[in-house]
């Protein structure tokens, strides 16, 4: 599944069903989150007018022109009420919502690949416009737009990644510490 998942930049015009988008969100909501706070909200659409508006918001300065054929989107927002999530305990002063939202996005992309759908994670967009389109509350911030559809071809590009020994350091037993 991971090997066949890629960022699609050549979508076909084949429609995607709302039930397919809902199923992807259903998988995403099962992503782990710190203290199970689930700091996200999802917006999904396959409505052509809304898709067109989202595509425009995701194409500032003529970027992301490959989105023109996208038949559907899932947008993920992060709920911004930090005080609600960060307990008053030592060593727990990190705000994990960004990490949690990233985990949910990964769930969407992998589930889509498993279902024969294609995605691309879009982070360059007119955030204010997407907030308007979604009708987001004051405590929400659009984190990512995920176009969902079918790739025009089944050809998977060869993945180019850094070698394992360049990104992994194996830790050995540490020497004992003095009391």
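Any read-out appearing in this document is the output of simple, stated calculations on the displayed coordinates, not a laboratory observation. Since the structure is predicted, the reported quantities are computational estimates derived from the model, not experimental observations. When we count neighbours, we look across all protein chains shown, and the Cβ atoms used for this are built from the backbone with ideal geometry, even at glycine.
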Taking a crude spin-label model, label points 7 Å out from Cα along the C-beta direction, the residue 27 to residue 9 distance in nm is 2.4 nm
With 0.36 nm assigned to each residue of separation and the Cα-Cα distance removed, residue 169 to residue 132 gains 8.9 nm
Here the relative contact order (percent) of the range 4-160, from C-alpha pairs under 8 Å and at least 6 apart, is 38 percent
For 1-7, 102-108, ranked highest to lowest by mean beta-carbon neighbours within 10 Å, the order is 102-108, 1-7
Helix 18-28: inclination vs the chain longest Cα principal axis, degrees, rounded to 10, gives 10 degrees
Of every Cα-Cα pair in the range 104-179, the percentage lying beyond 18 Å is 66 percent
Log entry: pair-distance distribution for the chain, C-alpha pairs binned every 5 Å from zero, whole % per bin is 1, 8, 15, 17, 17, 14, 10, 7, 4, 2, 2, 1, 0, 0
Expected sort for 118-131, 153-166, 12-25 on mean C-beta neighbours within 10 Å, highest first, is 118-131, 12-25, 153-166
If each part is reduced to its alpha-carbon centroid, the range 105-144 and the range 20-37 end up apart, in Å, by 13 Å
